[in-house]
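Chemist: Below is one structure. I have some questions about it.
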Amino acid sequence: VSPVAGILLAKNNSNFPKLGTFVNKGMVLLNISPSADASSNIQKIKSDYLLAKSEYDRVQNLLERKAAPQKRLDEARFDFESKQASYNSLMDQIQFTENGYSIVSPIDGYVENITVNLGSQISSGQELITIINPSRLILKTNVPAGKFEDANNSKDASFKIEGYEKELRISGLNGRKISVSSSLNTENRTLPVYFEFANAQNKIKVGMYAEVFIKTGEKRMCLSIPESAIIGEDGMHTVYVQVEGEAFEKRILKTGIADGGFIQVLEGLKEGDRVVTKGAYQVRLAALSPESAIGQGHVH
C-alpha cells in the first residue's frame, strides 16, 4: 500500500517487479515521484505519533501521582500504540531518495499481485503490490466494538480453520499480536485485530476463513469436556454418554469457546454426565453396526 501520492516514472523504475519473483525484506520495489502534498502526509503521521507518545508519557506521570484514572492511561496507551504502529509501518515501507520515495518490501516473500503500471498516478493508501510469505501468515479478526478493551489488552488467541479439526494457538505457533486497528469498521461496528504466526510446512493457505477466540485473561466457571470426546456429524458436535453399564446415548451439543484442549458446553450435557472421552469414534462405529449389541438398542 502506498503511504504517499505521486507517479511511477519509468526512468526511476528500471527494475519493475514481476509476478512470482522472490523479494527480500527491505528490497526496493517501486520508486514514486511524490505529489505536492505527499511530504505533508508523511509529516502528519510522524507528528501524530510524537503527540500520542507525549500524551501517553504525560498521563503515566499523572497516574503515578494519582492525578489521573487508570482508564485514561489505557486510552492514551491505545492511541499511542495505534499511532506508533502506523508510523513504524510507514518507516518499514519507504526510503527517502533524491527523486522522491522508494517503496520497499516489508517482508521476504513472493510477488503475488501487481495493481499498477509504469506511468500510473498513485494515490495515498492505494494498493500497489501483494507480497506473500507463506512461512508466516497474518490472522485478521473483527472484534465487536463493545469488546474494544478486551481486544486491546489481549496478548494471545486461538483459532480453527475450515478443513482442520484441531484448534491452533497463536503463542503455540511462535506468533504474537501485531496491532489493533485505530479505526472502527462503521458498517459492522467491529475493530480489526491482527496476529501473526509461523505456518509450518505452509499447511495453512492465504485467504482461509477462521473462527477466532481471543484470550482476554478473564476466567469463568463453565461446563466443559475434552475436545477428544466430540465427533463431528453433519456439521454438528455430538458426544456419547454412558447411561448405564454398556448402554450409551448420543447427545447433540451446543458448544462455546475452546481452550487448552477443552471446549465449553452450553447445551446437551449436565454436570455429572459420564462422557466417552477416549474411543468415542469406536462407540459410534459400534452403534452403526447391525451385528453390534450396542447397535441393537444400547445407543439411542
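Chemist: Please give the charge dipole size of the chain, origin at the Cα centre, charges +1 on K and R Cβ atoms and -1 on D and E Cβ atoms. Round to the nearest 20 debye.
Modeler: Computed about the Cα centre, the dipole is about 680 debye.
Chemist: What do you get for GluC sites (Glu not before Pro) in the range 83-175 restricted to DSSP loop and a cutoff of at most 16 other Cβ within 10 Å of the site's Cβ?
Modeler: Taking the range 83-175 and a limit of 16 other Cβ atoms within 10 Å, the loop GluC sites (Glu not before Pro) found are E98, E127, E162, E165.
Chemist: Next question. Grab the Cα-Cα distance for I7 and S123, subtract it from 0.36 nm times how many residues apart they are, and report the gain in nm with one decimal.
Modeler: Answer, rounded to one decimal: 40.9 nm.
Chemist: What fraction, in whole percent, of alpha-carbon pairs in the range 161-263 exceed 24 Å separation?
Modeler: Working: 2222 of 5253 pairs.
For the range 161-263, the share of Cα pairs beyond 24 Å comes to 42 percent.
Chemist: Tell me the angle of helix 70-93 to the major Cα principal axis of the chain, expressed in degrees between 0 and 90 and rounded to the nearest ten.
Modeler: Roughly 60 degrees between the two axes.
Chemist: Follow-up. If the cut-off is a Cα-Cα distance under 27 Å, which lysines reach K205, setting aside same-chain residues fewer than 8 apart in sequence?
Modeler: Here the lysines satisfying the reach criterion relative to K205 are K18, K25, K140, K155, K160, K166, K177, K215.
Chemist: Continuing with this model, one more query. Please work out the Cα convex hull volume for the chain and give it in Å³ per residue.
Modeler: 181
Chemist: Using the alpha-carbon atoms, what tilt in degrees (0 to 90, nearest 10) does helix 38-64 show relative to the longest principal axis of the chain?
Modeler: Orientation of helix 38-64: about 60 degrees from the principal axis.
Chemist: For the residue pair K66 and N202, what label-to-label distance in nm results when each label sits 7 Å from Cα along the Cα-to-beta-carbon direction?
Modeler: 6.0
Chemist: Only loop residues by DSSP count here, and only those with at most 16 other Cβ atoms within 10 Å; note down the chymotrypsin sites (Phe, Trp or Tyr not before Pro) in the range 132-241 that meet that.
Modeler: Hits after loop and neighbour filter: Y164, Y209.
Chemist: In square nanometres, what is one fourth of the surface area of the convex hull spanned by the alpha carbons of the range 136-215?
Modeler: Across all orientations, the range 136-215 yields a mean hull projection of 5.3 nm².
Chemist: Would you kindly compute the Cα radius of gyration of the range 6-109 and its largest Cα-Cα separation (Dmax), both in Å?
Modeler: 18.8, 59
Chemist: Cβ under 10 Å from G260's Cβ, G260 left aside: what net charge do those residues give with Lys, Arg +1 and Asp, Glu -1?
Modeler: -2
Chemist: Can you work out ³J(HN,Hα) from phi for every residue in the range 201-213, in order, using Karplus 6.51 cos²θ - 1.76 cosθ + 1.60 and θ = phi - 60°, giving whole Hz and x for Gly and Pro?
Modeler: 6, 6, 6, 8, 9, 4, x, 5, 8, 9, 9, 10, 10
Readers should treat all values here as calculations from the given coordinates under stated rules, not as data from a laboratory. Only a predicted model underlies this, so the values are computations on that prediction, with no experimental measurement involved. Virtual Cβ from ideal backbone geometry, glycine too; neighbours counted across all protein chains shown.
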